[in-house]
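The values are calculated or read from the model by the stated rules, or taken from the named source; none is laboratory data. Bear in mind the structure is a predicted one, so any value in this text is a computation, not a measurement. We place every Cβ from the backbone using ideal geometry, glycine too, and count neighbours over all the protein chains shown. Ligands, DNA and RNA are excluded from the accessible area calculation, which covers all protein heavy atoms including side chains. Shrake-Rupley method; radii C 1.70, N 1.55, O 1.52, S 1.80 Å.
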Amino acid sequence: MVIRTGRADLDFGGIRTEFGLPGEFPAAAMAEAQAAVSRDVGRADREDATALPLVTIDPPGAKDLDQALLVQRVGSGFRVHYAIADLGVFVVPDGALDAEVRKRGQTLYLPDGNVPLHPPVLSEGAASLLPGQTRPSVLWTFECGPDGEPVEVRVRRAMVRSTAQFDYEGVQAQFDAGTPHPSIEALPDFGRLRRERAVDRGAVELQLPEQEIVPNGDGDWKLAVRPRADVDAWNAEISLLTGMSAAKIMLAAKVGVLRTLPDADDGAVDALRRSAHALGVPWPDGVTPARLLAGLDPSRPEALALFVDATRLLRGAGYTAFNGEVPSVSTHAGLAAPYTHVTAPLRRLVDRFATEVCLAVTAGEEVPAWLVKALPQLPGLMGGSDALASKVDRACLDQVEAWVLADRVGTEFEAVVLRADANGADVFVTHPPVMGRCTGEDLPEGERVAVRLVEADPERRKVVFERA
């Protein structure tokens, strides 16, 4: 589902300026990065795991490769090796590069180029788990039983060497053809087990359409909906397992930083039940919200509307740093478990710090003073960075939607009504894939309606429909 903009000179410079996005790295930060590249990171106390046939799965063309994995069947259970790029050996604590990445918080992804967290010489070079290259990593190993639950977890610094770089579509095609790479042949079985355990816990997954902005090959931009393949979910479960294991390590030691989300109150669940009833979605007694949502067909309009309504269950996410006692809120309600970020240090600031806590604790060492000092700062830094990333993502989508539809004012489209109020509704137009505001009374949530485009303003990045 794509459509051209019809122009080849459209870029996102205005958004970069509006949000004050950083450009080049300061000279001192670049000097530290260049010096880090030349350092010998193959220390004698680092495990040699280069014989493990690890592979990476990332979007096509990605160069900042944070994770490499190997999933093996062992008896009736599984062994999972998960190597994470080791930024701790490249970034000097409290140095110029550390100061700059704290300001940035995370990599921002714009259609015409990224705003990286780390200089590309690291994030796309010396620290990236590129295929055929020996790289420093933090290697997690999970010994799991037949139910997919870990019975032993190890984490340590190691040298690894990825054997192949795959993308999601290619891996899905391999599985569909029955010819998976040996290193991930067991991923579907393990991923399905982990997903079932997640639903059992009460984890909530909202299968909403994921809009993408991609080049059309002629210098223009097009909108697309990225289909969520099974391999996306299976691969995500490995990352979630790692984050939950890291959170357990921190909570046992009473020091670290968690990704937290308070439990939804009874009012939010009751409101979701009313929405399900209004949409004609059966909700049998005793079925949890997680189980109900997991069983819905995301292609159905009433399911899309209920997924949007279920976002009320996932409000209030943040970061919680602690040292000396367990925080009052220590779980992530969306995952129904304690959780922290440790699997994307090339692209997200907090992962490096959380990883260093886990390494120190599991080695029986004191958490370094610089790290203890940094922990209370992380919630604010990441909260601000997450907010900026969300605004930039939305602005880019709004911009391309307005560009794509600018010459189609007056055209009618089919849309799904997602969430309605007294003044109109949020709607999802499938061709082209656009989410916008529709004016009109009594718009029926979870139903398909005809809408007419009445405004598409590229200057204001605004798209408005009315009921046809």
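Could you tell me what percent of the accessible area of the chain is made up of carbon and sulfur, with a 1.4 Å probe and every protein chain present? Provide the component values of the computation, followed by the final result.
Details: 10000 of 20110 Å².
Carbon and sulfur together cover 50 percent of it.
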(request) Working from Cα positions, state the angle (0 to 90°, nearest 10) between the long axis of helix 378-405 and the longest principal axis of the chain. (result) 40
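So what's segment 309-376 giving for Cα Rg divided by 2.2 N^0.38 Å, two decimals? Let's see the in-between values first.
On the way: Rg = 13.8 Å, N = 68, 2.2 N^0.38 = 10.9 Å.
That works out to 1.26 for segment 309-376.
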(message) For a Förster distance of 41 Å, can you work out the FRET efficiency between the beta-carbons of residue 439 and residue 254, rounded to the nearest 0.05?
(response) 0.20
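Beyond a 19 Å Cα-Cα separation, which of these cross-linked pairs lie in this structure: 103/373; 254/373; 222/462; 248/373?
Numbers: 103/373 16 Å; 254/373 15 Å; 222/462 17 Å; 248/373 21 Å.
Correct reply: 248/373.
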(request) State the answer as a single residue: which of 110, 36, 306 lies farthest towards the positive end of the charge dipole of the chain, with beta carbon charges of +1 for Lys and Arg and -1 for Asp and Glu, about the Cα centre. (result) 36
(request) Taking only protein heavy atoms into account and a 1.4 Å probe, give the accessible area per residue of the chain in Å². (result) 43
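Within segment 1-151, what percent of beta bridges assigned by DSSP are antiparallel, to the nearest 5? Don't jump to the answer; show the numbers that get you there.
Working: 21 of 21 bridges.
Just about 100 percent of them are antiparallel.
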(message) Rg and Dmax in Å for the chain, alpha carbons only: what are they?
(response) 23.1, 70
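Could you order 311, 340 by accessible surface area, starting with the largest, using a probe radius of 1.4 Å? Before the final figure, lay out each step's value.
Numbers: 311 45, 340 5 Å².
Largest accessible area first, the list is 311, 340.
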(request) On a 0 to 90° scale, report how tilted helix 27-38 is relative to the longest principal axis of the chain, with both axes built from alpha carbons and the result rounded to the nearest 10. (result) 60
(message) Need one number: nm distance between label points at residue 457 and residue 274, each 7 Å from Cα along Cα→Cβ, rounded to one decimal.
(response) 3.4
(message) Rounded to whole Å, give me the distance from the Cα center of segment 350-396 to that of segment 101-136.
(response) 17
(message) Give me the three principal axis extents of segment 198-332 from the C-alpha atoms, as integers in angstrom, largest value leading.
(response) 53, 47, 23
(request) Quick one: accessible surface of residue 81, probe radius 1.4 Å, all protein chains present, in square angstrom to the nearest 10. (result) 20
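What is the magnitude of the charge dipole of segment 96-186 about its Cα centre, with +1 placed on the Cβ of each Lys and Arg, -1 on the Cβ of each Asp and Glu, and no other charges, expressed in debye to the nearest 20? List each step's numbers first, then the result.
Values: 8 positive and 12 negative charges, 128 e Å.
Dipole of segment 96-186, to the nearest 20 debye: 620 debye.
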(message) With +1 assigned to the C-beta of every Lys and Arg and -1 to the C-beta of every Asp and Glu, and no other charges, what is the dipole magnitude of segment 233-383 about the Cα centre in debye, to the nearest 20?
(response) 300
(message) Please list, short to long, the whole-number percent of alpha-carbon pairs of segment 346-451 in consecutive 10 angstrom bins beginning at zero.
(response) 12, 27, 19, 14, 15, 10, 1
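Using a Förster radius of 22 Å, what is the FRET efficiency between residue 407 and residue 19 based on their Cβ-Cβ separation? Nearest 0.05, please. Walk me through the numbers on the way to the answer.
Working: r = 27 Å, r/R0 = 1.24.
Rounded to the nearest 0.05, the efficiency is 0.20.
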(request) Could you order 226, 460 so the one with the most accessible surface comes first? Probe is 1.4 Å. (result) 460, 226
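Taking the Cα centre of segment 13-55 as origin and charging only Cβ (+1 Lys, Arg; -1 Asp, Glu), how large is the dipole, in debye to the nearest 20?
Values: 4 positive and 7 negative charges, 15 e Å.
The calculation lands at about 80 debye.
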